[in-house]
Amino acid sequence: MRSRYSAYATNNAEYIYKTYAKKSQVAQSINEIKDWAEQTTWLKLVIHSASTFDSKHSESAMPTVHFSAYYQHQSKYYQLTEKSKFCFEDEQWRYLDGEVSQSDELGLPSRNEQCFCGSDKKFKRCCGA
Ligand SMILES: [Zn+2]
């Protein structure tokens, strides 16, 4: 089951999180968005669940991807958890909208503590590397 959707889910979630600043900060100036993007490093993407991307023309069955993204902005770390919807337009899947369920600043683990992204690695060997 997972192999059927994993490529779509991974690509689409990656697309969302790489373009998130633009989407969420659309009311701000281009320069502010650019500054934000330049000061932000995306660390890790975790996909919690994703529906199949099979039913391309059924509005009632729009696929969703539930994911968490971990990122660093300036010297602080953040987690964003979102459930995103997709629709199929012009022969490709497009991001429709998303519902953010969590957006938190994360406390910094010490270098030898387990990383906050859930990887089972020490922070210094994972997101803190
Ligand atoms: Zn990590």
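Table for the structure above
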{"item": "Estimated inter-spin distance, GLN92 and THR52, nm [label 7 Å along Cα→Cβ]", "result": "2.5 nm"}
{"item": "The stretch 63-129: translational diffusion in µm²/s, Stokes-Einstein, Kirkwood Rh over Cα pairs, 20 °C, 1.002 mPa s", "result": "158 µm²/s"}
{"item": "Peptides 40-49, 64-73 ordered by average Cβ neighbours within 10 Å, highest first", "result": "64-73, 40-49"}
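Since every read-out is calculated from the coordinates, none of them should be taken as a lab result. Bear in mind that the values here come from a model prediction, so they are computed numbers and not experimental data. A quick note on method: Cβ atoms are made from the backbone with ideal geometry, for glycine too, and the neighbour counts reach across all protein chains shown.
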